[in-house]
Every structure is written in C-alpha cells, then in structure tokens.
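Written below as structure tokens is the structure these notes are about.
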Amino acid sequence: MGLNERALVAENDLEQSILDNLQYFLIEIGHGFCFEARQKRILIDGDYFFADLVFYHRILKCHVIVELKIDKFHHEYASQLNMYLNYYKAEIMQPDDNPPIGILLCTEKGDTLVKYATAGLDSNIFVQKYMVQLPSEEEIKSFISKGS
C-alpha cells in the first residue's frame, strides 16, 4: 500500500491507503467481498461509534466489520468490535443473513492477551497482526528454517 511504519500516524492513514488501493485489498482478502461503508456511524444510547470498514460477503451472506488499529492489541479493542457485531445482529442483519464477522487488525498481538480478552465473546471475532510491508527474503528463510 505504499506505507511505511512511520506513516502509520493515524488509523485514517491506514484506512485511506486501503481505500486508495481497494481493488488490491479486495483481491488480497478474497473473493466475494463487497465494500459497504467507511467509518460507518452507529448510534447507541445517544452516542456515536464508528466502524472503520464494513463489507458484505455475498457468498457467506454476512457483514464483515474490519477495525484497524495502529498499535498493539488492547483488550478494549475486542469489546469494541464485539459491540459492533451485536449491533449488526440486532439492527442490520436480515433474516436470511448469517451472523456478522469481526476482523481486528493490529500492529502487534500477544496470543495470551487475545485469548483472555476474547474468551466468552462472539466466536466470529478474529484478531490478527498486519504487516505494512512484506518481509525480506532473509526474514522469510529464517522463519521457514525455524518451523522445520
């Protein structure tokens, strides 16, 4: 997407880069995704919340809500995404839709913290680390050799 780590000053930078490269992003995440909204405004009890990116997956027949974070995973991020999923289930989901899926992308994630923070929440929440740029050939070789 043409970003380096220093460019990730705000979530909006990452979000804008994804939208600028939407065709490539959709190809990267897979077949069937349809872009629906950016900064989807959600009103709950008089307060506005904003889901970063919302897609509808026409094959899975469900909404996919993507939250972008420019820092490491924090437990409140899982709660925020869970709230969006519950809102979509109650207010947006059609009778023939499947439950929504939440994807949280962070710069770093601790597997144990993710496990504890998401235990008991919707099973359709996925937390993953993203990379701003591809690893070098040496990094890939090192990773492969560690797995052998």
Taking residue 104 as the residue in question, decide whether it is open to solvent by less than 20 Å² (accessible area, probe 1.4 Å) and at pLDDT 85 or above. yes
For the stretch 87-131, what are the residues that are under 12 Å from the mean Cα position of the chain (by Cα) and charged (D, E, K, R)? 129
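Looking at the stretch 37-86, which of the residues that are of a type in the set (Gly, Ala, Ser), more than 21 Å from residue 120 (Cβ to Cβ) and more than 13 Å from the chain's Cα centre (by Cα) is surrounded by the fewest Cβ atoms within 10 Å (Cβ to Cβ)?
Filtering the stretch 37-86 for residues that are of a type in the set (Gly, Ala, Ser), more than 21 Å from residue 120 (Cβ to Cβ) and more than 13 Å from the chain's Cα centre (by Cα), the one surrounded by the fewest Cβ atoms within 10 Å (Cβ to Cβ) comes out as 46.
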Sort out which residues of the stretch 50-78 are of a type outside the set (Lys, Arg) and either without any contact (Cβ under 8 Å) to a residue 12 or more places away in the chain or over 20 Å from residue 91 (Cβ atoms) (or both), and write them in order of number. 50, 59, 68, 70, 71, 73, 74, 75, 76, 77, 78
Across the stretch 14-35, what is the total count of residues that are at pLDDT 75 or above and either open to solvent by 90 Å² or more (accessible area, probe 1.4 Å) or in contact with a helix residue (DSSP H, G or I) (Cβ under 7 Å, 6 or more places away or on another chain) (or both)? 3
Tell me the strands (runs of 3 or more DSSP E) entirely within the stretch 41-124 that contain at least 3 residues that are in contact with a Pro (Cβ under 9 Å, 6 or more places away or on another chain). 62-68
Among all residue pairs at least 6 apart or on different chains, which show Cβ distances below 6 Å where the first residue, located in the stretch 15-44, is over 27 Å from residue 91 (Cβ atoms) and the second is modelled with pLDDT under 85? 17/1; 17/3; 21/1
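The values are calculated or read from the model by the stated rules, or taken from the named source; none is laboratory data. Here the structure is a predicted model, which is why all the values come from computation and not from measurement. Note that we place each Cβ from the backbone using ideal geometry, even for glycine, and neighbour counts take in every protein chain shown. Surface accessibility is based on the protein's heavy atoms, side chains included, excluding ligands, DNA and RNA. Shrake-Rupley method; radii C 1.70, N 1.55, O 1.52, S 1.80 Å.
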